[in-house]
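What follows draws every value from the coordinates through simple rules; no lab data is involved. Because the structure is a prediction, the values reported are computed rather than measured. Every residue, glycine as well, gets a Cβ built from its backbone with ideal geometry; the counts of neighbours run over all protein chains shown.
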């Protein structure tokens, strides 16, 4: 979907947003027309193999460039699972961006394709999302992936079987600062 040059620009924008936070300035948005489109998007921060922050939008609420800046800052400074990123960590952090496709509702009994699908579950008692790469990174099969998205939502592991649950799949274009373009 995006050219290698566009991927590099988005990753540079995310990194610039983190630096801008510490320098108390606004990020300069690139003027690429493709970055005005609206997509669901997650920004993940890693130090080594450890997650350091991950936040995003499940739908395209804002233009892509705006979302990259906002979600990079949110992953670094507002992910409640982690202390805010400190300036000394910036050189160790690797940024990964996941641009989401539209969500497709799954039928009860349908299983996700590990490595292709991300999952989103919505239930009256909670909702949760796992990106497509998570199941691969953890070595989960489809059943484990379904159970884990329920746990992420704060639900029982088999809540995806509940008729009150709505389960969605999506794909993502994922790219990272460690990629060779």
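What the table below lists for this structure:
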item	result
Residues residue 136 and residue 5, FRET efficiency given R0 of 35 Å [Cβ-Cβ distance, rounded to 0.05]	0.85
Helix 142-152 vs. the chain, principal-axis angle (Cα, 0 to 90°, nearest 10)	70 degrees
The chain, relative contact order [Cα under 8 Å, separation at least 6], %	21 percent
Ordering of 172-180, 22-30, 152-160 by burial proxy (mean other Cβ atoms within 10 Å per residue, highest first)	152-160, 172-180, 22-30
Spatial separation of Cα centroids for region 122-165 and region 1-26, in angstrom	31 Å
Equivalent-ellipsoid semi-axes of region 65-157, from the Cα gyration tensor, Å, largest first	27, 15, 14
